[in-house]
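*Asks:* Before I ask anything, here is the structure I am working with.
Rule-based calculations on the coordinates, nothing more; no lab input. Treat the numbers as computed from the prediction; the structure is a model and nothing was measured. Every residue, glycine among them, receives a Cβ derived from its backbone with ideal geometry; neighbour counts consider all protein chains shown.
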Amino acid sequence: MTSEGFNEFVVSRSTRLLRCAYLLTGEWAAAEDLLQSSLVKAWSAWSRIEGDPEPYVRRILVNTQASWWRRRWRAELPSAELPEVGQPGHADRVDDRDQLWQALRRLPTRQRTVLVLRYFENLSEAEIAEAMDCSLGTVKSQASRALAKLRLDDSLTLEGALP
């Protein structure tokens, strides 16, 4: 694959990969950093990639996010700016979405990754297993456990939102 092919790949797929990175991290700034780091890693291996490079880059995203998560300091950081105020009329949807994001963030990393790749990226279980470098059974058990935890989460009031 050539550098032109890499440029075309970045232009055509970066929006989708950024969305995936956001769903994995929950923060736009962290998602942009994650995508940039992943693309740097992909560039160094670009000549060795055969076929569709998106699964390879997605796997880099997942692995990089997992290694960042292990090293991340988990404390509150002060902020000079207050969060944005929602628009009137959209409060219920925003509340539901926020409840779901908070519940997803409470899940262990592997369970959250499986749900993001399955329900937000629409990957098959086999594609998720390949991206996470684990067995198909692990993907199924992690998805099952994650959905069970979300169903039991008292903070979620979403009717019929979970499969």
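*Asks:* So for region 1-71, taking the charge dipole from beta-carbon charges (+1 Lys/Arg, -1 Asp/Glu), which of Gln65, Leu17, Ser37 sits furthest toward the positive end?
*Replies:* My answer, from the dipole projection, is Gln65.
*Asks:* Next question. Ordered by residue, what ³J(HN,Hα) values in Hz, to whole numbers, does region 46-63 give under the Karplus form 6.51 cos²θ - 1.76 cosθ + 1.60, where θ = phi - 60° and Gly and Pro are x?
*Replies:* Once rounded to whole Hz, the list reads 4, 5, 9, 7, 10, x, 5, x, 4, x, 5, 5, 4, 5, 4, 4, 4, 5.
*Asks:* While we're here: With charges set only on the Cβ (+1 for Lys and Arg, -1 for Asp and Glu), what does the dipole of region 1-71 come to about its Cα centre, in debye to the nearest 20?
*Replies:* Value, rounded to 20: 300 debye.
*Asks:* Could you give the dipole magnitude of region 91-156 about its Cα centre, charging the beta-carbon of Lys and Arg +1 and that of Asp and Glu -1, in debye to the nearest 20? Please report the intermediate quantities before stating the final value.
*Replies:* Details: 11 positive and 11 negative charges, 49 e Å.
Using Cβ point charges on Lys, Arg, Asp and Glu, region 91-156 gives about 240 debye.
*Asks:* What translational diffusion coefficient, in µm²/s and rounded to a whole number, does the Stokes-Einstein relation yield for region 1-71 at 20 °C and a viscosity of 1.002 mPa s, taking the hydrodynamic radius as the Kirkwood radius over Cα pairs?
*Replies:* Working: Rh = 12.1 Å.
Taking Rh from Cα pairs, D becomes 177 µm²/s.
*Asks:* A further question follows. Can you pull the Rg over Rh of region 91-156, Cα-only, Kirkwood? Don't skip to the end; give the middle numbers.
*Replies:* Values: Rg = 12.5 Å, Rh = 12.3 Å.
With Rh from the inverse mean 1/r over Cα pairs, Rg/Rh is 1.02.
*Asks:* Separate question: Enumerate the calculated ³J(HN,Hα) couplings along region 21-37 in order (Karplus 6.51 cos²θ - 1.76 cosθ + 1.60, θ = phi - 60°), each rounded to whole Hz, writing x wherever the residue is Gly or Pro.
*Replies:* Running phi through 6.51 cos²θ - 1.76 cosθ + 1.60 with θ = phi - 60° gives 4, 5, 5, 6, 9, x, 9, 5, 5, 5, 5, 5, 5, 4, 5, 4, 4 Hz.
*Asks:* Assuming R0 = 25 Å, can you tell me the calculated FRET efficiency for the pair Ser67 and Ser144, based on Cβ-Cβ distance, to the nearest 0.05?
*Replies:* Details: r = 25 Å, r/R0 = 1.02.
About 0.50, to the nearest 0.05.
*Asks:* Calculated FRET efficiency, Ser79 and Gln99, Cβ-Cβ r, R0 22 Å, to nearest 0.05?
*Replies:* Values: r = 22 Å, r/R0 = 0.98.
E between Ser79 and Gln99, to the nearest 0.05, is 0.55.
*Asks:* In nm, what is the difference between 0.36 nm times the number of residues separating Ser3 and Ala126 and their Cα-Cα distance? Kindly include the intermediate steps, with their values, before the conclusion.
*Replies:* Values: separation 123, 0.36 × 123 = 44.28 nm, distance 2.94 nm.
Between Ser3 and Ala126, full extension yields 41.3 nm more.
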